[in-house]
Amino acid sequence: MEMFSSFQTIMLTVLQPGDYVGFTFFIGSMAMMAASVFFFIEMWNQDGKWRTSMLVSGLITFIAAVHYFYMRDFWATNGTSPTEFRYIDWILTVPLMCVEFYLILKAFGAKQSLLWKMIFYSLWMLVAGYLGETVFRDNSPIWGIISTIGYVGILYEVWLGSAKKLANNSNDPALQSAFSALGWFVLVGWAIYPIGYMAIEGSGWLSGVLNPKSLDIIYNIGDAINKIGFGLVIYSLAVSKKSAVA
Ligand SMILES: *C/C=C(C)/C=C/C=C(C)/C=C/C1=C(C)CCCC1(C)C
């Protein structure tokens with residue numbers, strides 16, 4: 001009996017039927033890993049100047065894959081949100097997504113100041129979000145609003161600011177359509193996260209409506225869409241630019 005109950009404790013750390021959060025952590029880890037293999041291998045089939053962008057796409061999904069392995073175990077062991085791993089992942093991968101914007105616009109005159117501005121906005125957004133989910137959890141809406149200022153800063157750069165102007169002036173239809181696809185990911189795909197944040201138990205604006213567990217499910221769906229989607233946009237751009245020689 002003694003042995004059986006400790007066996008059960010071990011069994012609890014694997015997937016249980018009905019553990020939808022656990023499922024999405026598991027699927028997320030596999031999807032991120034598969035996407036990384038794809039981007040790392042496909043980068044060698046692209047012209048040289050696109051390899052850095054492809055490498056960054058692979059790094060984004062690879063960093064996420066490693067964090068998903070940890071988050072999956074953390075969830076299975078504790079049954080609580082792996083907030084620290086989540087934000088460590090984001091603080092590495094979101095700035096790398098800003099790097100993607102910079103890299104594809106570099107040939108059209110993007111300056112490093114654009115990159116630093118976008119990284120600054122993303123750090124602002126994520127630090128405020130982390131504080132709202134941890135230390136100041138009772139006041140999560142206020143920190144969510146502070147965080148949204150950083151998000152709006154990124155949106156401004158991409159939809160109206162200097163990044164948009166560079167894309168418009170590029171006279172390169174392939175670049176422009178990739179840029180606009182990335183812009184839609186930031187506007188619609190990234191807007192998934194604040195919805196998850198509003199599920200914070202107690203103080204979240206939607207905490208009466210959403211099950212607290214939906215926070216991680218929503219974040220996991222957002223990550224899969226955005227990280228793999230971003231990489232695929234870069235991949236299609238690289239493929240469309242491939243010189244005709246086989
Ligand atoms: C790969 C990870 C990505 C693209 C993460 C993006 C995260 C966000 C856009 C988070 C935004 C938030 C707000 C705009 C307000 C509430 C707090 C956050 C951090 C969830």
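Close Cβ contacts (under 6 Å, 6 or more residues apart or on different chains) running from residues in segment 195-222 that are polar (S, T, N, Q) to residues that are at pLDDT 95 or above and buried (at least 16 other Cβ atoms within 10 Å of the Cβ) comprise SER203/SER140; SER214/ALA199; ASN220/THR24; ASN220/GLY28. The set of residues in segment 63-83 that are of a type outside the set (A, V, I, L, M, F, W, C) and touching a residue at least 12 places away in the same chain (Cβ under 8 Å) comprises HIS67, TYR68, TYR70, ARG72, ASP73, THR77, SER81, PRO82, THR83. Restricting attention to segment 15-37, the residues being without any contact (Cβ under 8 Å) to a residue 24 or more places away in the chain and in a helix (DSSP H, G or I) number 4. Considered as a group, the residues in segment 116-137 that are part of a helix (DSSP H, G or I) and more than 13 Å from the ligand (Cβ to nearest atom) include one that is surrounded by the fewest Cβ atoms within 10 Å (Cβ to Cβ), and that residue is TRP116.
Filtering SER140, SER170, SER113, SER162 for residues that are over 29 Å from GLY48 (Cα atoms) and either more than 9 Å from the ligand (Cβ to nearest atom) or in contact with a helix residue (DSSP H, G or I) (Cβ under 7 Å, 6 or more places away or on another chain) (or both) leaves a single hit, SER140.
Being over 23 Å from MET33 (Cβ atoms), among the small types (Gly, Ala, Ser) and not in a helix (DSSP H, G or I) is a condition met by at least one residue of segment 177-193.
Put simply, of PHE101, PHE62, PHE69 the only residue that is away from the ligand (no atom under 11 Å from the Cβ), more than 30 Å from ALA167 (Cα to Cα) and part of a helix (DSSP H, G or I) is PHE69. Only one entry in LEU155, LEU175 is among the hydrophobic types (A, V, I, L, M, F, W, C) and either more than 14 Å from the ligand (Cβ to nearest atom) or under 29 Å from PHE23 (Cβ atoms) (or both), namely LEU175.
The values are calculated or read from the model by the stated rules, or taken from the named source; none is laboratory data. The shown structure was predicted, so the numbers you read here are calculated from the model rather than taken from an experiment. All Cβ positions, glycine included, derive from the backbone under ideal geometry; neighbour counts span all protein chains shown.
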